[in-house]
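Read through the structure below, which is laid out as structure tokens, and then see the notes.
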Amino acid sequence: MSALTYIDLFAGCGGLSVGFDQAGLRPKLLLEKDAWGCASLRANFPDADIWQRDIRTVSAPEIEHLQGVDIIAGGPPCQGFSVAGAGQFGVYDPRNDLVLLFLEWVRLLQPAVAVIENVPTLVNKRDEAGKRFTDLINEFLERLDYHVDALVLDAADFGAPQHRRRVFFIARRKGVPAPTIRRTHSDSKSNLPLYGDELKPFTQTWEALSDLPQIGSGQGSDDAQEWELPPQNDYQAEMRIGSTKVHNHVAMKHTARLIERFKQIGPGESLKDVDKEHGQLRNRVGGVSSKPFKYNNYRLDPEKLSLAIPASFQSLFLHPFLHRNLTAREAARLFGFPDRFVFKGKRTTMSWEKYLSQYNQIGNAVSPLVTRALGMAIRQSLSSASTKKLKRIKIQETRLRASLDQISVNSNYSFDPSLNEILDSSARALLTTSQESTVMKNGTALHELALFLFFLNLDECPLCRKTAAPFSNHNGQIVFAISKDDVHSLIAREKDHGMDFHLRVTLGTDHLDVERIHNTLTALGWVEDVQLRNPRTGRQVRGARALKVLKISPTARDHLLRGLSGAVKHTGNGK
């Protein structure tokens, strides 16, 4: 069997790819928008094709050029889903929509297996319409003839010295058996054999860290250093495979007062256990905090598993014995990153700095020990699948019409295609030759751009009720992509008819199509992205504002308006 290939979307610094690489899988593409994350990827995967791109800027033709990949995997940013995210307060997080973009890659490339990794709370999170994301994911993939399994895996069960639970949605095509993921460790304290079928005991914190240089506050180097000791156990020996020295082992520099506070904190204790004399100062006031955060300055217990390490952990955890915070390398050891893996970018960043620090990259990552076990299980499943070529789903649509909200716009809703010629010629009049070439390469049709701009500047829009939002007269701006329900449902319930509704009814586009068209218009300087007030709810939502006016003849304008009115009649909207 030839080497299986995979695409890693939202690759971060490469936690998923490290594990897949160790499982014998070959990267076809690693996609990550952060510059420092990409620097880490390039340093550790020199032969991989790495795109430093926002997934929202990748066009359908670019995706389709990657046909033939076996696996698509990735962890869409999870802040919107986590218990620490805005969602716990009932605030919708637009980062959650990145899951939808991931699924469009699956629809276009139809890999044998697709894997979505995220925080376990994703299972019960809901979209703006109140539907659970787990149901949306399952329904979307099942429509593409995938079978979906959802598993919650804990990194500790695969040898990592921390409890770190993640949910994995594993979608597989017909003919591919469910992967059997075998955990290797348990919480047993017995003296189990090193090799064999029996589970090994959990790896404890000090087992992972004891051979690293024992440096104090402000000491160490980002460059190569010698280890403190020979490997003290099998975990340390495994982490050293492929490396001659250790990198990214620099301790933060602390004040004398902070070091004195650290000295008061024992294993398993934190700032809440410190006498007020050494307590955390209030900002500006200078008084002692009476309710410090439970895990602030938490000293890891050397004989237990580490707590789950979040993205912003640089000042959170203390070394089991030394009076300082963890180094990037120590945190990487607690995740299961091998010592040969080198992290790029600054170690820490201030709140206003743009890119992801080494600490952020590590804290955002999935444990490579988990993804190695997952990759090996997927390999086994694909190798044992039927020798017959996996049946490909025949999808008749050539445009991005399937989405999580089950949008299904019948072609009868489209207005007369001959009207596209008016729009094409009008858009072409605004474009230079090079601009037109760029637009076409992005997979955007000229009439799509023109109709978007035409709607923006309408003073009597036939798709809008005059007594309901957006009140028929757009005045050069309109809410953009807030109506994600089925089109029929929107019509029946008279919900907000933003720009995505307008284009879906007339051209048969879906939410992701409208996103692409809007991005193209923004890049051309014809439209700007703005925040607008939703007239119905009063909330601030994403919107579009026209920077150019589409000039067409009065006759052509009337012809277009009649065509739009005809499209509305097909919907049964009765406006």
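Residue by residue, region 429-434 carries 3J(HN,Hα) couplings of 5, 8, 9, 7, 4, 5 Hz when phi is fed to the Karplus relation 6.51 cos²θ - 1.76 cosθ + 1.60 (θ = phi - 60°); x denotes Gly or Pro. At a Förster radius of 30 Å, what calculated FRET efficiency corresponds to the Cβ-Cβ distance of residue 523 and residue 3, to the nearest 0.05? Here the calculated transfer efficiency is 0.20.
Derived scalar couplings between HN and Hα for region 61-70 equal x, 5, 5, 5, 5, 9, 3, x, 6, 8 Hz in order, rounded to whole Hz, by the Karplus curve 6.51 cos²θ - 1.76 cosθ + 1.60 (θ = phi - 60°), x for Gly and Pro.
What is the list of residues in region 297-322 whose amide nitrogen lies under 19 Å from a point 7 angstrom out from the Cα of residue 260, following Cα to Cβ? Flagged as within label range: 297.
Taking the alpha carbon gyration tensor of region 1-69, multiplying each eigenvalue by 5 and rooting it gives semi-axes of 18, 17, 8 Å, largest first.
Over 30 Å apart at the Cα level, from the set 253/276; 28/346; 272/304; 245/272, are 245/272. Which chymotrypsin sites (Phe, Trp or Tyr not before Pro) does region 294-325 hold that lie in a coil by DSSP with at most 16 other beta carbons within 10 Å? Within region 294-325, the qualifying chymotrypsin sites (Phe, Trp or Tyr not before Pro) (loop, at most 16 other Cβ atoms within 10 Å) are 295, 321. Each label point was placed 7 Å from the Cα along the Cα-to-Cβ direction; for residue 559 and residue 429 their separation is 1.2 nm. Each peptide in 103-115, 221-233 receives the mean, over its residues, of other Cβ atoms within 10 Å, and ordering these scores from highest gives 103-115, 221-233.
Using a Förster radius of 30 Å, what is the FRET efficiency between residue 26 and residue 241 based on their Cβ-Cβ separation? Nearest 0.05, please. The formula returns an efficiency of 0.95 here. What the phi angles of region 553-563 give under the Karplus curve with 6.51, -1.76 and 1.60, with θ = phi - 60°, is a coupling list of 5, x, 5, 5, 4, 4, 4, 5, 5, 5, x Hz, glycine and proline written as x. Estimated at 0.36 nm per residue, the fully extended path between residue 219 and residue 346 surpasses their Cα-Cα distance by 44.1 nm. Averaged over residues, the count of other Cβ atoms within 10 Å places the peptides 371-383, 65-77, 44-56 in the sequence 371-383, 65-77, 44-56, highest first. In this simple spin-label model, placing a label point 7 Å from the Cα along the Cα-to-Cβ direction at both residue 475 and residue 530 gives a separation of 1.0 nm.
Amide H contacts of residue 318 (H built 1.01 Å from N, in plane; Pro and chain starts excluded): 298, 299, 300 sit under 5 Å, all sequence-distant by 5 or more or on other chains.
Inter-label distance, residue 124 to residue 49: 4.2 nm, where each label sits 7 Å from its Cα along the C-beta direction. Here's how it looks for residue 527: its modeled amide H is under 5 Å from those of 522, 547, which are all 5 or more places away or on a different chain. Taking amide H positions as modeled 1.01 Å from N, with prolines and chain starts lacking one, the residues under 5 Å from residue 26 and 5 or more places away or on another chain are 4, 5, 6.
Values in this text are rule-based calculations from the coordinates and carry no lab data. What you are looking at is a predicted structure, and each value in this text was computed from that prediction instead of being measured. Glycine also receives a Cβ, built like all others from the backbone with ideal geometry; neighbour counts cover every protein chain displayed.
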